[in-house]
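Quick note: the coordinates plus some simple rules give every number you see, no bench work behind them. Owing to the predicted nature of the structure, the values given are computational and were not obtained by experimental measurement. Backbone-built Cβ (ideal geometry, glycine too); neighbour counts: all protein chains shown.
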Amino acid sequence: MSTWRVPFMIRWPVKVAAGRVSNEIVHGVDMFATLARFGGAKVPTDRPFDSMDQSDFFLGKTEKSAREGFPIWCAERLMAVKWRNWKLHFYRQDSMFDPPVRNPVPTIYNLYTDPLEEKPTPDSWVVGPVLKIVGEFEQSVKTYPLIPMGTPDPYKPSR
């Protein structure tokens, strides 16, 4: 399972500096909170959101993204975690048609030196920060259990 590095571009004359390039992480889900802030809306506080407000990063008020990493799920399986320029795989799946196989020991890749994820690295110190991301997510699920697909929105006001 290789990393998909998807470029992100934003153009907002006068607000966002032209030609700025960064290797920071912005996840697609971050657009919810970011666009809400740009539009003057507030993100609801009665439920958890995986979205992080990246407006200060986009506007150049900070050089760092609000996000250092994120878990990578496939169905109900935590496949991997991306943290900074590393990715730690808990499962191996060579193609989308192959069944996932749990790694006996997580496989770690340095995406700067190995963007195709072909040569695992022995950088085991990465496991600590990655497990912190996993622990934070697991704690949030204890506080706010996952809602099965197809379940009506429990937060939707009744008419």
Fill in the blank from the handout: Spelling it out for TRP86: with amide H atoms placed in the peptide plane at 1.01 Å from N, the residues 5 or more places away or on another chain with amide H under 5 Å from its amide H are LEU111
Practice task
Would you kindly state how much longer the chain becomes between ASP123 and ASP94 on full extension, computed as 0.36 nm times their sequence separation minus their alpha carbon distance, in nm to one decimal?
Solution key: 8.2 nm
Handout entry: Cβ crowding within 10 Å averaged over residues, with 52-61, 77-86, 33-42 ranked highest first
Key = 77-86, 52-61, 33-42
Exercise for the section: Return the sequence-ordered ³J(HN,Hα) values of segment 72-88 in whole Hz as given by the Karplus equation 6.51 cos²θ - 1.76 cosθ + 1.60 applied to θ = phi - 60°, using x for Gly and Pro. Expected result: 10, 10, 10, 6, 9, 10, 6, 7, 6, 9, 9, 9, 6, 9, 10, 9, 10
Exercise for the section: Could you work out the Rg to Rh ratio of segment 120-159, with Rh taken as the Kirkwood radius (inverse of the mean 1/r over all Cα pairs)? Expected result: 1.29
Exercise for the section: Consider the candidate values (i) 81, 55, 32; (ii) 53, 37, 26; (iii) 47, 46, 30; state which one is Cα extents along the principal axes in Å computed from the structure displayed. Expected result: (iii)
Completion exercise
One point scatterer per Cα, no solvent, Debye formula: log10 I(q)/I(0) for segment 9-67 at q = 0.20, 0.21 Å⁻¹ comes out as -0.76, -0.83
Handout entry: 5 angstrom amide H check on ILE25, placed H, neighbours 5+ away
Key = SER65
Practice task
With a 10 Å radius around each residue's Cβ, average the other Cβ atoms per peptide and rank 99-107, 20-28, highest first.
Solution key: 20-28, 99-107
Exercise for the section: List the residues whose amide H sits under 5 Å from the amide H of ASN103, counting only those 5 or more places along or on another chain, with H placed 1.01 Å from N in the peptide plane. Expected result: TYR91, ARG92
Completion exercise
When the charge dipole of the chain is computed with +1 at the Cβ of Lys and Arg and -1 at the Cβ of Asp and Glu, the Cα pointing farthest to the positive end, of VAL126, ASN103, PRO7, is that of PRO7
Problem - Cα pair count fraction exceeding 14 Å, expressed as % - segment 62-105 - result: 55
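Please give the length that would be gained between ASN103 and MET9 if that part of the chain were fully extended, namely 0.36 nm times their separation in residues minus their C-alpha to C-alpha distance (nm, one decimal).
30.3 nm
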Problem - Cα Rg, Dmax (largest Cα-Cα span) when computed across segment 68-144, Å - result: 12.6, 38
Problem - Filter on LYS64/LYS142; LYS42/LYS156; LYS82/LYS142; LYS82/LYS119; LYS82/LYS156; LYS15/LYS132 - keep pairs with C-alpha separation over 27 Å - result: LYS64/LYS142; LYS82/LYS156; LYS15/LYS132
Completion exercise
Of 141-148, 88-95, ordering from highest average Cβ density within 10 Å down gives 88-95, 141-148
